[in-house]
Amino acid sequence: MTQAKPQPSGQLDEAEAARELASLAAEIAKYDRAYHELDAPLISDAEYDALRRRNDVIEKRFPHLVRPDSPSRRVGMAPSAGFAKIVHRVPMLSLGNVFAPEDFADFCDRARRFLGRGAPFAMVGEPKIDGLSLSLTYEDGALSRAGTRGDGTEGEDVTANVRTIAAIPTKLKGKAPALIEIRGEVFMTKADFLALNATQEKASGKVFANPRNAAAGSLRQLDPAITASRPLSFFAYAMGEASEAVAATHWEYLQRLRHWGFVVNPLSRHLGAETDAPGFQDEMAMRRADLAYDIDGVVYKIDDLALQTRLGFVGREPRWAIAWKFPAEQATTKLLDIQIQVGRTGALTPVAVLESVNVGGVLVSRATLHNEDEIKRLDVRVGDTVRIQRAGDVIPQVLGIVAEARPAGAHPFRFPRHCPVCGSHAVRAEGEVVWRCSGGLTCPAQVEERLIHFASRGAFDIEGMGEKSVHEFHALGWIRSPADIFRLPAREDEIAQLEGWGEQSAANLVRAINERRRIGLARFIYALGIRRIGAANARLLARHYGDIDTFLAAMQQAVAPESEARVAVTSIIGIGPAIAEELAEFFGEERNVRAVRALAAELAVEPEEVSGGGVLAGKTVVFTGTLPTLSRPEAKAMAERHGAKVTDSVSKRTDYVVIGADAGSKARKAAELGVTVLDEEGFRALLRDTA
Ligand code: IVH
């Protein structure tokens with residue numbers, strides 16, 4: 001703090017006390033505003049806390065001097081007062097990306113194969129704006145709720161702020177379903193962004209890095225009056241839940257959105273066939289620079305909504321829509337160094353440290369070099385001039401070198417044979433390209449990376465437990481394994497004393513940790529950070545085993561390679577032998593099992609809902625042979641949508657075997673075991689009858 005050391009309050013006379021309370025009130029109000037409204041704190045939490053404490057001490061001695069605007073009287077301004085959470089009725093998903101016409105054609109072919117059809121698709125092309133997606137709920141035509149995407153399942157309730165955005169109607173015009181969720185993108189035009197930054201700069205407010213951040217920062221304001229003062233735009237483009245069907249095609253849906261009073265991007269276009277997409281893509285690429293807002297590609301959606309429903313989703317991405325991104329931006333710069341990063345599974349990844357260069361509007365100073373072979377293939381050496389590329393949000397890549405620019409004396413890079421952090425031997429398994437640190441959990445880098453992953457967004461999502469805090473608490477010896485994170489609340493006072501923390505941030509962290517003591521099984525599994533167990537595989541496992549005890553018991557049994565439990569893991573569709581092997585390796589280590597159990601003891605792990613409890617909930621289905629109209633993926637997706645677990649092999653526990661032409665041994669085995677056998681028609685009837 002820069003002020004003179006304050007007098008002990010015991011020595012203040014009344015006049016001095018009154019003066020100091022007045023200045024504290026003004027000062028604290030200023031810091032509150034910076035923190036809450038501008039997302040830009042001016043002082044550290046510790047300094048802020050000291051001011052509040054000083055105010056309290058003086059007020060206690062001179063209670064009659066407490067001012068009407070005293071910081072101690074203001075309520076509802078606690079920094080932790082974030083937004084309420086809302087759960088999306090229909091998850092808000094993301095989109096797969098393609099960069100080339102062949103990949104786009106592949107996307108269409110995959111959808112066709114899934115549907116088992118031959119005809120090309122009619123599509124809608126929509127410019128892809130990089131903003132912030134919102135889900136708006138209308139009940140009886142009136143806006144009742146607005147949420148950000150958040151992690152796709154749970155977002156923030158920003159209803160009050162959204163009501164101030166002119167482009168979003170609070171009442172739908174004309175007839176509308178009793179309940180409908182409308183989705184779209186909040187964004188800021190390039191001109192509005194520049195003007196806002198100019199104003200902010202004058203007012204010493206927060207200056208935003210790009211239009212997307214400006215839109216996000218303007219929407220996520222605790223005071224709706226601030227959102228109202230910001231120039232936000234909105235394009236509507238998708239649907240969540242609806243109490244009745246509103247259109248047969250996406251194009252028709254866009255027209256209805258217009259009639260209800262939404263702005264639909266006027267550049268959106270109906271394409272009679274998917275083969276019109278490349279032309280539209282080129283046209284948009286040409287017009288890109290002249291548009292009032294930034295776009296990074298075009299979203300293509302299969303127009304027929306009935307086909308969209310049949311296609312459904314894989315993981316977090318729809319099978320019926322794709323983002324075709326504009327080509328990656330490239331630049332050349334100098335390679336200053338090659339550093340080795342240690343990942344959470346010990347992978348040693350070489351990272352190019354670059355002379356900062358602007359690549360399509362983003363400053364890049366690091367790029368990935370992937371692995372040892374890639375460095376050899378490119379023959380890239382420190383001192384070289386390199387060509388780099390940045391595509392979308394992907395980590396920039398080194399494409400190659402400018403051979404003529406190589407300085408004399410540049411020598412080939414020798415990939416280290418030891419972990420740069422813990423010094424353990426590095427090993428490269430046969431057939432693999434990756435060198436790994438063999439230190440396991442004795443390597444501090446691996447431990448930290450696992451903890452960072454554990455607390456990250458798709459996992460436990462603990463606000464305030466980012467890279468920096470993990471590093472700090474780990475260095476202090478407070479956290480060694482995930483369970484320790486849940487023991488941090490006992491250290492709240494110690495945390496508050498740490499440099500840069502203070503009572504408020506410590507309290508916020510403790511709250512964030514305690515809020516995560518209840519967690520779904522899929523997130524729990526994903527958070528463990530087992531190799532090859534990403535979010536999608538974690539979900540498959542969670543849906544298969546249902547609850548934590550069953551899961552842990554099965555995992556420990558499956559450690560034995562020939563066990564029935566191991567066979568069961570590999571028969572989960574989507575989980576092959578290689579993944580089962582990784583699970584076995586993880587759960588084969590006693591200390592991992594101990595760490596997982598210790599963690600579970602701190603938590604309430606909620607069982608996974610089996611696909612919304614559909615008519616096949618709890619049932620196991622096996623498909624075999626060629627079905628007359630359904631492709632295998634579609635049949636599987638249908639069964640799963642109705643709650644079934646689809647596996648590959650028939651056992652006593654199988655409920656239905658659906659057979660098609662040329663069904664072989666599985667059909668015989670079903671008959672032997674007395675499992676119900678159905679054909680496609682019987683399967684469809686089952687879904688209808690029980691529906
Ligand atoms: S459709 C399941 N349409 O892109 C369908 N998304 O990468 C999901 N986006 O989260 C969205 N323009 O924020 C769709 N015309 C458009 C879009 C669009 C921009 C954003 C949106 C989404 C992200 C996915």
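The values are calculated or read from the model by the stated rules, or taken from the named source; none is laboratory data. This is a predicted model, so every value here is computed, not measured. Cβ: placed from backbone, ideal geometry, glycine included. Neighbour counts: every protein chain shown.
So here's what we get for this one:
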{"quantity": "Odd one out for VAL559, checked against (1) in contact with a Leu (Cβ under 7 Å, 6 or more places away or on another chain); (2) not in a helix (DSSP H, G or I)", "calculated": "(1)"}
{"quantity": "All strands (runs of 3 or more DSSP E) inside region 345-398 with 3 or more residues being surrounded by fewer than 19 Cβ atoms within 10 Å (Cβ to Cβ) and in contact (Cβ under 8 Å) with a residue 12 or more places away in the chain", "calculated": "348-359, 362-368"}
{"quantity": "Qualifying residues in region 137-157 (those that are out of contact with any helix residue (DSSP H, G or I) (no Cβ under 6 Å at 6 or more places or on another chain) and under 15 Å from THR227 (Cβ atoms)) - the one modelled with the lowest pLDDT", "calculated": "GLU156"}
{"quantity": "Selection count, region 440-449, where residues are under 14 Å from GLN341 (Cα atoms) and either surrounded by fewer than 18 Cβ atoms within 10 Å (Cβ to Cβ) or not charged (D, E, K, R) (or both)", "calculated": "5"}
{"quantity": "Some residue of region 311-326 being within 30 Å of GLU404 (Cβ to Cβ) and among the small types (Gly, Ala, Ser)", "calculated": "no"}
{"quantity": "ARG531 vs. criteria free of Cβ contacts under 8 Å to residues at least 12 places away in the same chain, among the basic types (Lys, Arg) and on the phi < 0 side of the Ramachandran plot", "calculated": "no"}
{"quantity": "Leading residue by the ranking (nearest to the ligand (Cβ to nearest atom)) among those in region 149-187 that are touching a residue at least 60 places away in the same chain (Cβ under 8 Å) and hydroxyl-bearing (Ser, Thr, Tyr)", "calculated": "THR153"}
{"quantity": "In region 314-333, the residues that are over 22 Å from MET286 (Cα atoms), of a type in the set (Gly, Ala, Ser) and away from the ligand (no atom under 16 Å from the Cβ)", "calculated": "none"}
{"quantity": "Matching residues in region 86-105 - criterion: being away from the ligand (no atom under 16 Å from the Cβ) and in contact with a strand residue (DSSP E or B) (Cβ under 7 Å, 6 or more places away or on another chain)", "calculated": "ILE86, VAL87"}
{"quantity": "ALA242 vs. criteria touching a residue at least 40 places away in the same chain (Cβ under 8 Å), within 27 Å of the chain's Cα centre (by Cα), under 23 Å from ARG89 (Cα atoms) and within 14 Å of the ligand (Cβ to nearest atom)", "calculated": "no"}
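Here's the yes/no breakdown for (1) under 27 Å from the mean Cα position of the chain (by Cα); (2) modelled with pLDDT of 95 or more; (3) more than 12 Å from the ligand (Cβ to nearest atom):
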position	(1), (2), (3)
PRO231	yes, no, yes
TYR237	yes, yes, no
GLU252	no, yes, yes
GLU274	no, yes, yes
TYR293	yes, no, no
ILE302	yes, yes, no
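Yes/no matrix, rows are residues, columns are (1) surrounded by 21 or more Cβ atoms within 10 Å (Cβ to Cβ); (2) of a type outside the set (A, V, I, L, M, F, W, C); (3) in contact (Cβ under 8 Å) with a residue 60 or more places away in the chain:
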{"site": "LEU541", "(1), (2), (3)": "yes, no, no"}
{"site": "ASP547", "(1), (2), (3)": "no, yes, yes"}
{"site": "PHE551", "(1), (2), (3)": "yes, no, no"}
{"site": "GLN556", "(1), (2), (3)": "no, yes, no"}
{"site": "VAL569", "(1), (2), (3)": "yes, no, no"}
{"site": "GLY574", "(1), (2), (3)": "no, yes, no"}
